[in-house]
Every structure is written in C-alpha cells, then in structure tokens.
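Chemist: I have a structure here, written as structure tokens, and I will follow up with some questions on it.
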C-alpha cells in the first residue's frame, strides 16, 4: 500500500542537490524532527526528492491534514508504526535464517511474523474505523484492510495461529538434571521430565522460549569454537545446554505444526511493511508541527492549485520564518512575507552583514521544500504551486577552491545552475561574485541575471554589490516576463529589524550601522581617543 504517491502515479521526483541541502541547513532540521538514524534517513530521502506531479503533492497533503487534525489518529498510527517495524524485522530475520536452513527457528519466526501481522491489521483497521479520515490515501487503506480481514482466509490464519501457539505451549515446566566438572563448570544438561504445569525453578520453559534466538546463537557459536576450555565459563551455560533438548522435544510436534503453517507461506506481509516510510514521514512531521504550535509559532496547510493547468506559477507565503531559529532557541523569531508571481519573481536583496539576508533566503527555500513534499508550511499562509526544484549558490569553503580559485569555482557552479534551471526553479544566491572587484562583480552579475530572466526562473540575489539593485530599471528592459524588484533588510534607529521591505539599497546606512556596531564611527573613535588621553 503506497501512501506517498497517488494511484497510477509515475512516481517522478527531482532530487535536490547536496549543495542545496547543505546551504539550507536542511539536514539539521531533519535531525531535529526524527527519532534515530533510520527515521532520519527515511524523512531525508522523502523530503529531498520533490514530486514533479501536483497530484502526488495533493495526495500527501490530504493524508497530512488527517494526521494534523486528528490527535487520536496520530497516536494510533504512532503506536501501529512500531508494530509494523517489528513485522518487517521479523520478516527479514526469517528470510535470513531460512538461508541457514534452521527449520525449527524459521518455524518459530514465521509464527511470530504471522501473529504480529494479524495484530497489526486488526489494530490498523480499528484505528481507521474509529477515526474520521478524509484523505483518499487513508480511505483506500481502510478498504483494502477491510477486504483482507473480512476474507475467510484471514479468520483461518487467526485460528491456525491459535492452534499452533497452544500446541507449542503444551509444556510449562521441566525437571532438569545437571552434571558438573570437578571445578563446578557445567558439563552436561539433561531433561528428566517435562510437565504441563509450572514448577519452582530458576529457569522455566517460558523463559527459555523467550530467549530462544539468543540461545541458539550462543549454542551455534559454542559449537563452532569447539570444546570450551577448563575454567572458561560460557554465558548462561544452562540455557546453552538445554537448547538441544528443547529442540528435540518440540520436534515431536514439528511436522504437524509445519503442515499447518505451510498453508500460509505465500501470505505477503509487504502490504503493511511498505507503509513504513510513509508513516514515518507523516508521524514525524505531525510531531514537529505540534512542537511548533506549542511554542506559539504558526503553521498552515498550503493552498495548492486544483491542477497544473490551473496554476499561473505563483507562490506566495505570509509570515514565513526560518525553523532553524527555533532549533537554535531563538525566542523572538521575526517573520516576513514573500511573493513570487509571473510578473515579479526576481529579487535583488541588499542589507547589512548579519541583517537577516541569509535567514530569509533559507526560510523561503525550506518552506517551499516542506510544501512540495506534502507537509505543512512554516508560515501563517501559503498558496500557489511550490517550486519543483531549488538551486543554491552560497559561499564555499576556501579549501575547496584550490583547483579553480574562488572566481573559477563560482563560474563552474553557476554554469551548472544555469544548465539545470527552468521556469519552475527557485535559485538562491548568497554573495555571489563578492570576491571580485565591484566593477567586475556588477558585469558578471548582470550577465547571470539576464539569462535567468529569459529562462523565467525565480531568483533571490543576495548581494553587497548595490549597483546591481540600482540597475533595475535597465535590467527590466531585458527580454523576459518578470520584472526585477529591489528588497532591503530594514534598519530602524541603526538597529536591524530583520524585516524585508521594498526599497532601493541604502549603502550609507549599512556602512554606518556596521561602523557603529564595531565602534569605528568618527564620533565614537574621537570620544574613545579623548577618554584614553585623559587617562
């Protein structure tokens, strides 16, 4: 059962580049919203492979809404997920041991697998029937499970499992004889008599059965090593010695049990286990959403167009914020509005150092990924078609530019970006060409922006080359549907507000802001000099 792609989907995705994932700090986010490495890898693979078909995004989004709006559904599926993971582990273990031809152990493993399979199906059916679900995906799942559980073969499976368990539980205790070596190491273990009732003993058959996997492994390890040396004690030697006797006793029932279980050998539990990835994604994102709302941060379900034909390519987000600030413990997180339309999707962003330019770029990229993966958006409102791909060009470690130099490295990466982009791609530039002279940087930036305007890509061009923003009138004459817009990071009373506003760049304000921060304005330096002289 696929709960990540719509029925008849071609399952096409665009894989985000490693540079994009790194520049957006996306792995840090995934690590903070998942439990354990396996879950992290699952959620990472889902969210960094963006579906290209809008119907797949809507399919996921509807399931996500069911989880977000129904606390009971979320809790029930969170519990069921652990059972489903156990089912997958049992299936994998049985297949592995089948190759080793350990017939008794395989039989016990398959019995456990079938038992968990029945429990999971019934628990999932109860969950879906007791909770209102609206999504196509969960309704299809409910109908498929109902079709299985209402079949007479399912009832037969349940009955056979009960009979088998009863048969294998025909003994509850055993009288055991133990021979010791002169130095009190266990030399031999013998069962004098089995009992259908419990007796007072340190070791019961129930305890032995519960640890059979470890015991068999210990016994096989001991046999492979050879006779244990004198004065060398084996971990739990009584159980190691008892295991062959227990196997011998159970083999009296083996043929009949195997005959019963053989009827169900073709049963395919992958119907349930193939949901692990999807359920891990939905439960992890729901848990994350609850953390954000508990701290007073806003989330929303993106408003998607009905279909591709109904989309004009716009993507708008209101009160968007960077969730990395939340993980960093920031209490006063500033939000901003960003809008990409066919007429305005090229932004030149200027502002002071540490004024929030990179933060807002990351926020937009992260929110688009979350929306396109079918999750919620970290904003009060999100509407339109999320971007099908996101490319980034952020400063790179100087150690990685040894072959080309900084400018050569930038040229290589920018050429790759231009070749990969299209009119459904968002490109985030961060201080591109900042290592060149202002004249050279302006020339190179304008050439880059000109080709992107023709292609129709959405762009946020974060730069300290203010002449780029001052050239907007000229650049808007270039071929291409969209216009360029100048954005600045706002400063009030020489303090960064971290808010974005439409305005021409204010070079003097930025420079004065930085100078005051580090105490190097004329007034500050004169006063400090005077104070030092007086001392």
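The values are calculated or read from the model by the stated rules, or taken from the named source; none is laboratory data. Only a predicted model underlies this, so the values are computations on that prediction, with no experimental measurement involved. Here Cβ is always computed from backbone atoms with ideal geometry, including for glycine, and neighbour counts include all displayed protein chains.
Chemist: Going through the stretch 17-37 one residue at a time, which ones are in contact (Cβ under 8 Å) with a residue 40 or more places away in the chain, under 14 Å from the mean Cα position of the chain (by Cα) and either buried (at least 19 other Cβ atoms within 10 Å of the Cβ) or outside any loop (DSSP other than H, G, I, E, B) (or both)?
Modeler: Selection gives 26, 28, 29, 32, 33, 34.
This table checks each residue for (1) closer than 25 Å to residue 17 by Cβ; (2) assigned by TED's automatic domain parsing to the domain that holds residue 344; (3) surrounded by 19 or more Cβ atoms within 10 Å (Cβ to Cβ); (4) touching a helix residue (DSSP H, G or I) at 6+ places or on another chain (Cβ under 8 Å).
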site	(1), (2), (3), (4)
445	yes, yes, yes, yes
451	yes, yes, no, yes
457	yes, yes, yes, no
476	no, yes, no, no
482	yes, yes, yes, yes
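Chemist: Looking at the stretch 453-486, which of its residues are closer than 18 Å to residue 394 by Cβ and within 36 Å of the chain's Cα centre (by Cα)?
Modeler: 457, 458, 459, 460, 461, 462, 463, 464, listed by residue number.
The rows are residues; the columns are (1) in a loop (DSSP other than H, G, I, E, B); (2) within 27 Å of the chain's Cα centre (by Cα); (3) under 25 Å from residue 479 (Cα atoms); (4) not assigned by TED's automatic domain parsing to the domain that holds residue 460.
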{"position": "306", "(1), (2), (3), (4)": "yes, yes, no, no"}
{"position": "312", "(1), (2), (3), (4)": "yes, no, yes, no"}
{"position": "330", "(1), (2), (3), (4)": "yes, yes, no, no"}
{"position": "337", "(1), (2), (3), (4)": "no, yes, no, no"}
{"position": "345", "(1), (2), (3), (4)": "no, no, yes, no"}
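Chemist: Run residue 507 past the list (1) modelled with pLDDT of 75 or more; (2) surrounded by fewer than 16 Cβ atoms within 10 Å (Cβ to Cβ); (3) touching a strand residue (DSSP E or B) at 6+ places or on another chain (Cβ under 9 Å) and report the number of the one that doesn't hold.
Modeler: The one condition residue 507 does not meet is (1).
Chemist: Could you run through the stretch 35-51 and say how many residues are at pLDDT below 95 and more than 26 Å from residue 144 (Cβ to Cβ)?
Modeler: Final tally of qualifying residues: 3.
Chemist: Would you check which residues across the stretch 429-463 are in contact with a strand residue (DSSP E or B) (Cβ under 9 Å, 6 or more places away or on another chain) and not in a helix (DSSP H, G or I) and list them?
Modeler: 429, 430, 431, 432, 456, 457, 458, 459, 460, 461, 462, 463 - these are the residues of the stretch 429-463 that are in contact with a strand residue (DSSP E or B) (Cβ under 9 Å, 6 or more places away or on another chain) and not in a helix (DSSP H, G or I).
Chemist: Hey, among 271, 340, 281, which residue is crowded, with 23+ Cβ neighbours inside 10 Å and over 17 Å from residue 26 (Cβ atoms)?
Modeler: Being crowded, with 23+ Cβ neighbours inside 10 Å and over 17 Å from residue 26 (Cβ atoms) holds for just one of 271, 340, 281, which is 340.
Rundown of residues vs (1) closer than 17 Å to residue 73 by Cα; (2) in a helix (DSSP H, G or I); (3) at pLDDT below 95, yes/no style:
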| site | (1), (2), (3) |
| --- | --- |
| 116 | no, yes, yes |
| 121 | yes, yes, yes |
| 124 | yes, yes, yes |
| 127 | yes, yes, yes |
| 132 | yes, no, yes |
| 138 | yes, yes, no |
| 144 | no, yes, yes |
| 148 | no, yes, yes |
| 153 | no, yes, yes |
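Chemist: Can I ask one more? Take the conditions modelled with pLDDT under 90 and either under 24 Å from the mean Cα position of the chain (by Cα) or crowded, with 16+ Cβ neighbours inside 10 Å (or both) and apply them to residue 106. Does it pass?
Modeler: yes
Chemist: Quick check on the stretch 160-172. Is at least one of its residues loosely packed, with under 15 Cβ neighbours inside 10 Å, farther than 16 Å from residue 272 by Cβ, in the same structural domain as residue 82 (by TED's automatic domain parsing) and at pLDDT 90 or above?
Modeler: No, the conditions are met nowhere in the stretch 160-172.
Chemist: Still on this structure, please answer the following. I'd like to check something: does the stretch 40-47 contain any residue that is touching a residue at least 60 places away in the same chain (Cβ under 8 Å), surrounded by 21 or more Cβ atoms within 10 Å (Cβ to Cβ) and more than 15 Å from the chain's Cα centre (by Cα)?
Modeler: No, the stretch 40-47 contains no residue that is touching a residue at least 60 places away in the same chain (Cβ under 8 Å), surrounded by 21 or more Cβ atoms within 10 Å (Cβ to Cβ) and more than 15 Å from the chain's Cα centre (by Cα).
Chemist: Still on this structure, please answer the following. Filter the stretch 173-205 down to residues that are within 52 Å of the chain's Cα centre (by Cα), modelled with pLDDT under 70 and assigned to a loop (DSSP other than H, G, I, E, B), then give me how many there are.
Modeler: Matching residues across the stretch 173-205 total 9.
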